[in-house]
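Every number here is computed from the coordinates shown, using simple stated rules; none is lab data. Computed from a predicted structure; not experimentally measured. As a convention, Cβ positions derive from the backbone with ideal geometry for all residues, glycine included, and neighbour counts pool all protein chains shown.
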Amino acid sequence: MCNITYQIGDCRELLRQVPDASVKLVVTSPPYNIGKPYGIYQDKIALNDWEDLLRDVSREVFRILTPDGSFFLNLSPIPYGKGREILPLPFFGYQILKDSGFFLRNMITWTFNNMQNCTNRLSGRYENILWAVKDLDHYIFNLDEVRIPFLSKNDKRLEGKSGRNPTDVWYFDRVNNMTKKKLGLQHPTVYPLPMILRILKMSSNPGDTVLDPFVGSGTTLVAAKLLGRNGIGFEIDSRYAPEIEKRLQQEGSCED
Ligand SMILES: C[S@@+](CC[C@H](N)C(=O)[O-])C[C@H]1O[C@@H](n2cnc3c(N)ncnc32)[C@H](O)[C@@H]1O
């Protein structure tokens with residue numbers, strides 16, 4: 001039977017209560033410091049403070065992960081400061097992961113089409129998901145769970161084979177306002193559920209514990225429930241608790 005829990009509070013404090021080596025997978029999308037209207041959390045702070053937040057979380061994540069555990073950290077290049085120079089947050093994320101003791105297994109490019117167009121530079125169409133592991137020789141990679149259709153349908157050599165490696169470039173539509181309205185969600189940055197399902201299938205097994213320290217509207221918990229994983233979520237703003245509750249009831253039906 002899977003167990004899904006969430007707590008409202010600052011993940012830097014809540015993570016300290018999680019026992020060492022008790023979590024198989026951490027998946028998260030932290031705030032990007034771009035002024036999103038989250039509520040309690042002010043999404044425009046000094047860059048040093050943002051790095052400190054990520055550093056504290058990454059260190060704790062390293063501690064709570066099992067030796068074969070994985071950390072999927074979603075970050076994006078952002079327009080920043082005067083002149084809106086592009087600041088590559090994934091580069092900061094990489095350094096923070098290394099300083100915490102992790103090894104980078106893949107830097108996934110998540111690409112999408114549904115995003116605004118720019119007139120003074122190329123329109124942004126990707127984010128990165130840094131897949132970090134504690135041990136490069138010992139981690140979960142359920143490739144057969146995440147294979148995708150072959151490009152060629154008529155190649156006889158592929159008959160009976162179950163599909164190809166999904167590669168490190170993933171296409172998933174961003175969750176648009178229409179979908180959010182349909183699901184009754186106010187949260188400004190909801191993850192695409194199919195993408196999180198792929199990560200959970202690939203890097204955890206049924207019964208494992210999955211944690212998201214910045215859980216927002218609860219997408220990671222819905223995925224955990226759908227796939228029979230235990231889920232733990234932390235969110236600083238209590239306004240999102242009803243959204244998490246509703247999603248767990250409407251979208252999550254536990255397979256155990
Ligand atoms: C990018 S959103 C996550 C969205 C989530 N992936 C989803 O699908 O709904 C980041 C979330 O982190 C929360 N947050 C910011 N600082 C936090 C902290 N110190 N502890 C816990 N949550 C925090 C924000 O309120 C926001 O909901």
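Would you calculate the separation in nanometres between label points at Gln249 and Gln17, each defined as 7 Å from the Cα along the Cα-to-beta-carbon direction?
2.4 nm
Which residues among the range 69-88 fall inside the zone where the amide N is under 15 Å from a point 7 Å beyond the Cα of Leu104, along Cα→Cβ?
Only 71-77, 88 pass the distance filter.
Give me the distance in nm between label points sitting 7 Å out from Cα along the Cα-to-Cβ direction at Asp237 and Tyr126, one decimal.
Label at Asp237, label at Tyr126, 2.9 nm between them.
For Val169 and Asn114 in the same chain, what is the full-extension length gain: residue separation times 0.36 nm, less their Cα-Cα distance, in nm? List each step's numbers first, then the result.
Details: separation 55, 0.36 × 55 = 19.80 nm, distance 1.65 nm.
The Val169-Asn114 span can extend by a further 18.2 nm.
I'd like the distance separating the alpha-carbon centroids of the range 206-256 and the range 58-125, in whole Å.
Taking the Cα centre of each part, the range 206-256 and the range 58-125 sit 22 Å apart.
Show the residues, 5+ positions off or on another chain, whose built amide H is closer than 5 Å to the amide H of Leu227.
Sorted by chain and number, the residues that satisfy this are Glu255.
Please list, ordered by chain and number, the residues whose modelled amide H lies under 5 Å from the amide H of Asp208; skip anything fewer than 5 residues away on the same chain.
Asn230
Where the convex hull is taken over the Cα atoms of the chain, what is its projected area averaged over directions, in nm²?
15.3 nm²
Which residues' amide hydrogens lie under 5 Å from the amide hydrogen of Phe234, considering only partners 5 or more residues apart or on another chain, with H built in the peptide plane?
So Phe234 has HN proximity to Gln7, Asp212, Phe214, Val215.
Convert each backbone phi in the range 225-239 into a coupling constant with the Karplus relation 6.51 cos²θ - 1.76 cosθ + 1.60 (shift: θ = phi - 60°), then list the ³J(HN,Hα) values in order as whole Hz, x for Gly and Pro.
5, 4, 9, x, 9, 7, x, 10, x, 10, 8, 6, 10, 5, 4
Which entries of Lys44/Lys82; Lys24/Lys225; Lys180/Lys201; Lys24/Lys180; Lys24/Lys134; Lys36/Lys182 have Cα-Cα distances beyond 18 Å here?
Lys180/Lys201; Lys24/Lys180; Lys36/Lys182
Residues in the range 41-76, backbone N under 19 Å from the label point at Asp135 (7 Å along the Cα-to-beta-carbon vector): list them, ranges by number please.
Label zone hits: 61-72.
Under 1.5 on a/c is rounded, so check that first for the range 15-112, then, if it is not, pick prolate when a/b is larger than b/c and oblate when it is not; a ≥ b ≥ c are the square roots of the alpha carbon gyration tensor eigenvalues.
The shape class here is prolate.
With a point put 7 Å past each Cα toward its Cβ, work out how far Gln42 is from Arg59 in nm, to one decimal.
Each label point lies 7 Å from its Cα, and together they span 2.4 nm.
Could you give the length gained on full extension between Ser152 and Thr5, defined as 0.36 nm per residue of separation minus the Cα-Cα distance, in nm?
Between Ser152 and Thr5, full extension yields an extra 48.6 nm.
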